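A.B. asks: My questions will all concern the structure given below.
The values are calculated or read from the model by the stated rules, or taken from the named source; none is laboratory data. On a predicted model such as this, the values are computed, not experimentally measured, just so you know. In this analysis, Cβ positions are derived from the backbone assuming ideal geometry, glycine residues included, and neighbour counts consider all displayed protein chains. We work out accessible area using only protein heavy atoms, side chains counted, and drop any ligands, DNA or RNA first. Shrake-Rupley method; radii C 1.70, N 1.55, O 1.52, S 1.80 Å.
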Amino acid sequence: MLHRFSVLVACSTLLLVVAGALVTSNDAGLSVPDWPLSYGQLMPKMEGGIFWEHGHRMVATTVGFLTLILAVWIARVETRPWLRILGWSALGAVVAQGLLGGITVLLLQPKPVSIGHACLAELFFSTTVAIAWFTSPAWRRGGPNVEDPGLHRLALAAPVSVFIQLALGAAARHKALGALAHIAWAPVTTGMVLWLVTRILMRHSGHGQLRTPALALVTITFAQVFLGIAAYMSRIATVDAPQPMKVMVVFTSAHVALGAMTLACSILTGIQVFRYAGRVSACPTIPEALPANS
Amino acid sequence: MKKFWISLGVAAALMLNGCGGGEKKEEKKAEAPAAAPAAAPVDDANAATVTGKVAFSGAKPTAKTISMEATPACARAHSTPQKSEEAVVNDNGTLRYTFVWVKAGLPDRQWPAASNTVALDQSGCMYRPHMLGVRAGQDIEVTNSDPTNHNIHPLPKVNREWNESQPPKGDKKIKQFAREEVMIPVKCNVHPWMKSYIGVVNHPFFAVTGEDGAFTLKGLPPGEYTIEAWHEKYGAMEQKVKVEAKESKAVDFEFKG
């Protein structure tokens, strides 16, 4: 049950990332000038930019409550201390995220705060995905260890590279940087991901616990590259439009959402590498036997 | 962990407090502008005039249609689709919504304060007028004639930025900009097509071109001036002009599409 609930939280968080992307893409970030209320009400008339901004706040509130339940649930039933800490960290992240969202409204979108809000959203989503993974039967089943300590560095470098790319994307969206840095870093990130995935598939293709996330990661990354091109082209094509156009909004928001999924998938792949790949003599068995009550 | 949250709370409080503090400082400056010789009556007998028009050459831009379907109240206000006012070329080949002002050359003195209030209305989910000029510190009366919520969000670089909501047919707002700034974009984030521009200057020598594309800058003391014409799409251009007492000179601009 805990696993299913954590999957629900992760899916809701992805929806929240999409809702946030729609706010920025529709240029509706400051359509509600007050916070935490909206136009002094809990429920203003949902029209124009208010629909996107207040809708984002409603989804965020729901995710906040779901995360609170998740953290308490984990604390009550989990025996793994690090997972309990992760549950509380998720709660802390969603609270911090709410505060950053409020500050960005009240201080009229200071760029560092808005970029921080976007980056923390991606990290929070990855945290919920990781919790869903740690509570899953697949994690519990485990698998054999393989000899490949050198893979650790790559498994660390790939998500770091993806995160830098997301931060550059957020900086471009909030006009702190042009799109050039984001575009220039894309081949680096893609290269890092390809290097990691290729090495896993070349050396450990028979290891399902490593192969599956690696394949998912390369699939999402390639889709993300094409979505990035589509988002950029749509922005160029509609630059003279008097308002944000649907084609640009759809491609850009999908690009942001898939970016969050790329980060989460790269982190999951990294987790799997650190769990299963190393010196076999140093970790001869599955690291943890999990309790049945989770 | 506890220390972290306390620090975060303190930082947030300081940031919020810092924002409010800026507002007070600017209000103070608005009350007491930079030291300059006291206001003296303009010598009308010797005053010069600069007139002109802002022409447009090249292919006439096609006005983009605005989609107001996201807010039915906005769509209902127009019997035909509303067009963007970003680039409006008049029938006589001149350019509308160009801000023309004396950018440099005026003597260092205070000019008599403007006594009137300038109106900025939100009507049919468009800013009316699309472009306006005001004196630094002059009152701008912002009204909402629409049956829908708006937020008014100027994006100055020199003056203080603010963002306030205005409910349907809500109370008027009286606002000022303390410092000279050409131009300040104003937007409504509820209706992202709504854009207006405000030119804030320290003197009374400015104009916005209308349906005839013409402008008149009256009451200038004799001297040599830099006149700037600013357009939101086509940028800015300058010309120098020297006027003697009682003289009237023509200065025409031409923007290329």
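A.B. asks: Would you work out if the protein assembly as shown is rounded, prolate or oblate? Take a ≥ b ≥ c from the square roots of the eigenvalues of the alpha-carbon gyration tensor; rounded if a/c is under 1.5, else prolate when a/b is larger than b/c, oblate otherwise.
C.D. replies: Since a/c reaches 1.5 and a/b is larger than b/c, the shape of the protein assembly as shown is classed as prolate.
A.B. asks: Excluding ligands, DNA and RNA, what is the accessible area buried between chains B and A, summed over both sides, using a 1.4 Å probe, to the nearest 100 Å²?
C.D. replies: 2300 Å²
A.B. asks: Given B:ALA245, A:SER25, B:ASN144, which one lies farthest toward the positive end of the charge dipole of the protein assembly as shown, if we put +1 on the Cβ of every Lys and Arg and -1 on the Cβ of every Asp and Glu?
C.D. replies: The Cα lying farthest towards the positive end belongs to A:SER25.
A.B. asks: Then there is this: Report D for the stretch B:47-107 in µm² per second (integer): Stokes-Einstein, Kirkwood Rh on Cα pairs, 4 °C, 1.567 mPa s.
C.D. replies: Result for D is 87 µm²/s.
A.B. asks: Distance cut-off 26 Å, Cα to Cα: go down the list B:LYS64/B:LYS175; A:LYS246/B:LYS233; B:LYS103/B:LYS218; B:LYS60/B:LYS157 and report the pairs above it.
C.D. replies: Where the Cα-Cα span goes over 26 Å, the pairs concerned are B:LYS64/B:LYS175; B:LYS60/B:LYS157.
A.B. asks: Take B:PHE205, A:PHE51 and sort them by solvent-accessible surface of the protein heavy atoms, 1.4 Å probe, largest at the top.
C.D. replies: Ranked list, largest accessible area first: A:PHE51, B:PHE205.
A.B. asks: Send over the Kirkwood Rh of the stretch B:171-257, from the inverse of the averaged 1/r over different Cα pairs, rounded to one decimal Å.
C.D. replies: Here the Kirkwood hydrodynamic radius works out to 15.5 Å.
A.B. asks: Sticking with this one: Over chain A, what per residue volume does the convex hull of the Cα atoms give, in whole Å³?
C.D. replies: 123 Å³
A.B. asks: With only Lys, Arg, Asp and Glu charged, each at its Cβ (+1 for the first two, -1 for the last two), find how big the charge dipole of the stretch A:143-294 is about the Cα centre; round to the nearest 20 debye.
C.D. replies: 120 debye
A.B. asks: Shifting gears a bit: Scale the Cα Rg of the stretch A:1-135 by the rule-of-thumb value 2.2 N^0.38 Å and send over the ratio, two decimals.
C.D. replies: Against the compact-globule rule of thumb, the ratio is 1.08.
A.B. asks: Can you give the FRET efficiency to the nearest 0.05 for B:ALA119 and A:LEU180, using r as the Cβ-Cβ distance and R₀ = 56 Å?
C.D. replies: 0.85
A.B. asks: Relative contact order (percent) for chain A, with alpha-carbon contacts under 8 angstrom and 6 or more residues of separation?
C.D. replies: 26 percent
A.B. asks: Have a look at the stretch B:123-162 and report residues whose accessible surface goes down by 50 Å² or more when the remaining protein chains are included, against the chain on its own, probe 1.4 Å, ligands and DNA/RNA excluded.
C.D. replies: The answer is B:ASN149 - residues whose exposure falls by at least 50 Å² when every protein chain is included.
A.B. asks: Quick one: give the max-minus-min coordinate of the C-alpha atoms of the stretch B:68-179 along each principal axis, largest first, in Å.
C.D. replies: Answer, in whole Å and largest first: 51, 39, 25 Å.
A.B. asks: OK, next. Per residue, how much accessible area does the protein assembly as shown show when a 1.4 Å probe rolls over the protein heavy atoms, in square angstrom?
C.D. replies: Accessible area per residue, the protein assembly as shown: 47 Å².
A.B. asks: Debye calculation, C-alpha points only, no solvent: report log10 I(q)/I(0) for the stretch A:143-294 at q = 0.10 Å⁻¹, in the same order as the q values.
C.D. replies: -0.43
A.B. asks: Which stretch or stretches of the stretch A:247-274 have amide N atoms under 16 Å from the point lying 7 Å from A:ILE164's Cα along the Cα→Cβ direction?
C.D. replies: A:263
A.B. asks: Once you put a point 7 Å from the Cα of B:ASP91 and another 7 Å from the Cα of A:CYS11, both along the Cβ direction, what distance in nm separates them?
C.D. replies: With each label placed 7 Å out from Cα toward Cβ, I get 6.1 nm.
A.B. asks: Trypsin sites (Lys or Arg not before Pro), restricted to the stretch B:135-241: which are DSSP loop and have at most 11 other Cβ atoms within 10 Å?
C.D. replies: Passing sites in the stretch B:135-241 are B:LYS157, B:LYS169.
A.B. asks: Protein chains only, probe 1.4 Å: how do B:TYR225, B:TYR197 rank by accessible area, largest first?
C.D. replies: Order by accessible area, largest first: B:TYR197, B:TYR225.
A.B. asks: At 1.4 Å probe size, put A:VAL273, A:VAL146 in order of accessible surface, largest to smallest.
C.D. replies: Highest to lowest solvent-accessible surface, that is A:VAL146, A:VAL273.
A.B. asks: Leaving ligands, DNA and RNA out of it, report the carbon-plus-sulfur percent of the accessible area of chain A at a 1.4 Å probe.
C.D. replies: Carbon plus sulfur share of accessible area: 73 percent.
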